[in-house]
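Reading through the structure tokens given below for one structure.
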Amino acid sequence: MTSLATIAPSAVSRDGAASVATLLRSLRSGALDRMELLRDQLRRVEAARGLNAFLWADADAIISAAAAADVAGKPLAGLPIALKDNIDTAGIPTTSGSLVDRERIPTRDAAVWQRLRDRGGAVLLGKTHMSEFAYRSHHPGLGPVRNPRNVERATGGSSSGSAAAVAAGICAAAIGTDTGGSVRIPAAYCGVVGFKGTSGIVSNEGVVPLSTTMDNVGVLARSVTDAAIVFEQLTTESVQLVDGDTLRARPADPGRLRVGVERGWFASGAQPAVIRAWSRTVDSLASAGCSIVEVALPRAARWRAAHKTILLREAWQYHADRLRTDAPYGPVFRSAVSRGADITPARYELALALRRESRDTLAEVFGRVDVILTPTCPTVAPPADEGRRRLVYTRYTTLAAFAGIPAISVPAGTGSLGLPIGVQFMAAADAEPTLVAAAALLEDRLAAATVSA
């Protein structure tokens, strides 16, 4: 039987962790024992405790559950996957990164975990740390997640622990949630892939809400293919993103791909290194034969403001009763969400109308392009002590969550101090295959450029 140490180096990340696709080939063939893999990843969890990426990872309970799991013949074949701690797991704490729910133990599994386990054959590696209730900052009583690329830098939020676990090579894939960029931002900051789908394509049942109309469950992994493999098992309906035989996301035909580029909102307010990285990706796709199409989204700033209105109003509705008490919320979360109390029904309805406007505008744009390519964040990961004081780095990610369209962040080089930079593709609603194909094409182009450099 093949050991983890003998997996081909070409399929292993710089931290020594194999890809989802590589692990699945070995698990399915029987060359790799699934319990050996799980124990190895649990050792990695323990060794990386300093990152503070996990809130729960009880090795005895995890091994016992995995040993009893029926994974034979299932697509994920016993692959360990980490879950963000706002996703309910029966009999296991789900705290949403807050002391408010530190003793909360659900009696039912979230639909997304049921699908991964029962349909996909995944096993649980642990519950990852996150910004408190998926917004703004880590609870001060639980501490921040450290960025594996530079522990003095922020991981971004709110799926910080999931991104860190993947970037550190603890696991090959992890699940997060994204309400305004909370999968894609930490993916960009940590140098991994973050993928969220069309709103509603993955069930939110059993996921502790931030914004009931904008929350999305997504995947963090080290490659587009890896993210797509796991995402296929999350969806309520069958979506094919990966070739079942090769376990590879098929890149788009560049001669048929129309790439939208918006040089107003999505090319302003960013560090020069970020703009240069984004411009290189545009040039790379153009040189491959893609059509580069200039698009305009003049209402983007207005839509971003409306996104915040909807989020705060819906978060307040969920938390209002406890926020009126002395429940131990962190001060940043308490202050931010309490502002939702001042949002009138009329203002909320206006924000919903602007969301409908954004969808209509984007539908017109996607009649002319297949994807829109933007930076993911305006900056590289800021110093950790900045935490989430400023919201500037959500500038480019809120639109996809607001309009309910799929989006994916792909690593695209580095900026200052060698910190990762991500670029983001957005596509029309229900166009996940197009989105993944475009991202796979870019990933291949960037990999080829790195090899030839």
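The values are calculated or read from the model by the stated rules, or taken from the named source; none is laboratory data. As the structure is a prediction and not an experimental result, all values here were calculated from the model. When we count neighbours, we look across all protein chains shown, and the Cβ atoms used for this are built from the backbone with ideal geometry, even at glycine.
If you check 210, 220 for being within 25 Å of residue 108 (Cα to Cα), in contact (Cβ under 8 Å) with a residue 60 or more places away in the chain and touching an Asp or Glu at 6+ places or on another chain (Cβ under 8 Å), only one passes: 210.
Among residues of segment 29-58 that are in contact (Cβ under 8 Å) with a residue 24 or more places away in the chain, those with a beta-carbon under 6 Å from a residue that is polar (S, T, N, Q) and loosely packed, with under 14 Cβ neighbours inside 10 Å at least six positions away or on a different chain give the pairs 31/2; 32/2.
For segment 86-140, enumerate the residues that are polar (S, T, N, Q) and touching a Ser or Thr at 6+ places or on another chain (Cβ under 8 Å). Of everything in segment 86-140, those that are polar (S, T, N, Q) and touching a Ser or Thr at 6+ places or on another chain (Cβ under 8 Å) turn out to be 86, 128, 131, 137. Please tell me if residue 275 is touching a Leu at 6+ places or on another chain (Cβ under 8 Å) and among the aliphatic types (A, V, I, L, M). In short, no.
Looking at segment 59-73 only, could you name the residues that are among the acidic types (Asp, Glu) and either touching a residue at least 12 places away in the same chain (Cβ under 8 Å) or outside the structural domain of residue 150 (by TED's automatic domain parsing) (or both)? The one that is among the acidic types (Asp, Glu) and either touching a residue at least 12 places away in the same chain (Cβ under 8 Å) or outside the structural domain of residue 150 (by TED's automatic domain parsing) (or both): 70. The residues of segment 174-204 that are among the β-branched types (Val, Ile, Thr) and farther than 18 Å from residue 114 by Cβ, listed by number, are 179, 183, 185, 192, 193, 198. Checking 181, 194, 126 one by one, the residue that is touching a helix residue (DSSP H, G or I) at 6+ places or on another chain (Cβ under 8 Å), under 21 Å from residue 433 (Cα atoms), touching a residue at least 24 places away in the same chain (Cβ under 8 Å) and outside any loop (DSSP other than H, G, I, E, B) is 194 and no other. Every test in (1) farther than 17 Å from residue 282 by Cα; (2) touching a helix residue (DSSP H, G or I) at 6+ places or on another chain (Cβ under 6 Å); (3) outside any helix (DSSP H, G or I) is passed by residue 351 save one, and that test is (3). If I ask for residues that are in contact with a Pro (Cβ under 9 Å, 6 or more places away or on another chain) and assigned to a loop (DSSP other than H, G, I, E, B), which ones from segment 63-100 would you list? Correct list: 85, 86, 88, 90, 91, 93, 94, 98, 99, 100. Would you please name the residue that is modelled with the highest pLDDT, looking only at residues in segment 370-399 that are surrounded by fewer than 22 Cβ atoms within 10 Å (Cβ to Cβ) and of a type in the set (A, V, I, L, M)? Out of the qualifying residues, it is 384.
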